[in-house]
Amino acid sequence: MFSYRHAFHAGNHADALKHLTLLACTRHLMQKPAPLQLIDTHAGAGIYRLHGADAAKSDEAARGIARLQALAGEQRLPAALQAYLDAVASFNAKAGAWRTYPGSPLLLFSLMDSVPRRAVHDRLHLFELHPSDAPLLAAHVAQLRAGRRVRVQCSDGFAALKRLLPPPAAAGDSRRALVLIDPSYEIKSDYARVQGAIGDALRRFASGVYLIWHPIIARREAHELPRRLRTLANQAQRGWLHALLHTGAAASSAPGGGLAGSGMFVINPPHTLADALREALPPMLGALAQEAARAHWRVECSMG
Ligand code: SAM
């Protein structure tokens, strides 16, 4: 069951789309000085070495974040892309090729731990089931000295959502949560579990911001998932956004047999997200495309 290790894929094009979207949503929510519950149901190991044996084997970061690093010095990048590159740069030395890639847990913590946010009492809940990655994640989090602000559990992230939603009320009765659901989909049932978890989460807490990553692969369940998520959001009368980034590589010839494209489905997206992604994805795809003629991006949302 646990053949997937994110260390082989960290910093690839799918991480770039996912983490750029995650940072844009979280930064927007953090403009309001009210506590936020951040829930990462499939957290991975937390942080990755880009030149370690695992990364070198797949070479995905070389065609991903390494290419994006070349954009980092450019003037006037779109704000969301700049914020993503700044976030990755902050985990690396100023000079030379980036050697470290932060996963979703460390990216989220870096926002929670920024000076204006520290006083706000955000909480980060991390779930990871892999018998090797869960202890790695716990060790990385221990180094943050985050105390009760971050909780790591080696348990099922889908099941955890039932316990955590709705989030506790803060002062003024405001309840705020952002949930990232980022399975590896190595087991086919993950598609149905994502759908079930979102249906249940919307019944428990309809105003949460839900981000779901999905692969673009030739599998019926993968093809249908965004449509099913859209139906759930529409039934709950909630706004949604769907962003796609495809490198243009033919599915079977994607380098290393890897993924050619992926998507992010966001329920209750910040009103600024569609424009931010429409600005950021073209230069990002310019750097990440494998076959320029077939590479494409798309942002659709319920508000047009
Ligand atoms: N979210 C991470 C990031 O962006 O840095 C990457 C996560 S990786 C794509 C998916 C992770 O989910 C893997 O580390 C896998 O071991 C873990 N996993 C698989 N099934 C799980 C489950 N039911 N609950 C929690 N973690 C699970």
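Annotations for the structure displayed:
- Helix-only [θ]222 nm of the chain, DSSP H runs n ≥ 4, -39500 (n - 2.57) each, per residue, nearest 500: -11500 deg cm²/dmol
- Dipole in debye (nearest 20) - the chain, about Cα centre, beta carbon charges: Lys, Arg +1; Asp, Glu -1: 620 debye
- Scoring 237-244, 25-32 by mean Cβ neighbours within 10 Å over their residues and listing the highest first yields 237-244, 25-32.
- Projecting label points 7 angstrom from Cα along Cα→Cβ for residue 93 and residue 143 puts them 1.6 nm apart.
- Packing-based ranking of 66-74, 200-208 yields 200-208, 66-74, ordered from highest to lowest mean Cβ neighbour count within 10 Å.
- Peptides 139-148, 44-53, 11-20 ranked from most to least packed give 11-20, 44-53, 139-148, packing being the mean of other C-beta atoms within 10 angstrom over each peptide's residues.
- Cβ-defined net charge surrounding residue 108, 10 Å radius [Lys, Arg +1; Asp, Glu -1]: -3
- Residue with peak Gaussian network fluctuation, the chain [Cα springs, cutoff 10 Å], from 39, 216, 187: 187
- Most mobile of 184, 174, 58 in a GNM of the chain (Cα contacts under 10 Å): 174
- Pairs beyond 32 Å (Cα-Cα), from 162/188; 32/188; 94/188: 32/188; 94/188
- Separation between Cα centres of region 199-217 and region 1-49, rounded to whole Å: 15 Å
No value in this document is a laboratory result; all are computed from the given coordinates. As the structure is a computational prediction, the values presented were derived from the model and not from experiment. Cβ coordinates were reconstructed from backbone atoms using ideal geometry, including for glycine residues, and neighbour counts include every protein chain displayed.
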